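The values are calculated or read from the model by the stated rules, or taken from the named source; none is laboratory data. Here the structure is a predicted model, which means the values were calculated and not measured. All Cβ positions, glycine included, derive from the backbone under ideal geometry; neighbour counts span all protein chains shown.
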Amino acid sequence: MDRSQQTSCSAASHSPASLGPTKPFSLETCRLMITMLDRDMSNSMGFTEFKELWQSVNGWKNTFASYDRDRSGTVEGHELQQAFSAMGYNLSPQAMSIIMNRYSVQGRIGFDDFMSCCIKLRALTDQFQRRDTTRTGRAEFHFDEFIQVTMNI
């Protein structure tokens with residue numbers, strides 16, 4: 001955070017107890033964090049947005065630590081599904097399979113990839129809920145809107 005109340009992704013790092021020393025987030029995860037809260041599309045975040053990000057990161061870090069039961073610094077598919085369920089996401093086996101295929105290494109997902117999943121789930125859910133005004137679980141996107149939403153995340 002500099003004097004202008006702005007922060008950059010290079011300032012973000014994490015250290016869940018199970019991961020040992022502080023290790024920076026990947027550039028992609030940092031970009032996702034900024035995009036998730038960049039409501040004015042400035043590619044930066046102010047102090048209020050940073051506070052919201054910090055709270056989310058800490059919540060996800062605690063969730064990860066509570067489901068990384070063997071303290072390996074990774075979660076398996078069933079642990080990931082339990083973590084997502086605890087966060088209110090009831091994902092189909094097909095959706096979980098896609099997530100595992102995208103993020104797992106030998107059936108396990110590390111903290112940085114867990115963070116990326118959480119950020120994308122939150123951002124996509126926010127975009128979906130803005131369009132699901134009747135709360136029926138259905139939203140309408142024009143093709144260009146769909147591309148904007150998914151390519152921005």
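Residue by residue, here is whether (1) touching a Lys or Arg at 6+ places or on another chain (Cβ under 6 Å); (2) surrounded by 13 or more Cβ atoms within 10 Å (Cβ to Cβ); (3) at pLDDT 95 or above holds:
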site	(1), (2), (3)
ASP70	no, no, no
ILE98	no, no, yes
THR136	no, no, no
ALA139	yes, yes, no
Requested in this report: Inspect the stretch 7-14 for any residue being touching a Lys or Arg at 6+ places or on another chain (Cβ under 8 Å), modelled with pLDDT under 90 and exposed (fewer than 13 other Cβ atoms within 10 Å of the Cβ) and give the result as yes or no.
Outcome: yes
**Report entry** Single residue of the stretch 87-113 satisfying the filter (hydrophobic (A, V, I, L, M, F, W, C) and farther than 18 Å from LEU124 by Cα) that is farthest from the chain's Cα centre (by Cα)
**Finding:** VAL105
Query raised in the report: Within the stretch 35-55, how many residues are assigned to a helix (DSSP H, G or I) and surrounded by 17 or more Cβ atoms within 10 Å (Cβ to Cβ)?
Result: 5
Report summary line: Residues of the stretch 84-126 being farther than 25 Å from GLY137 by Cα and part of a loop (DSSP other than H, G, I, E, B), in sequence order, are SER104, GLN106, GLY107
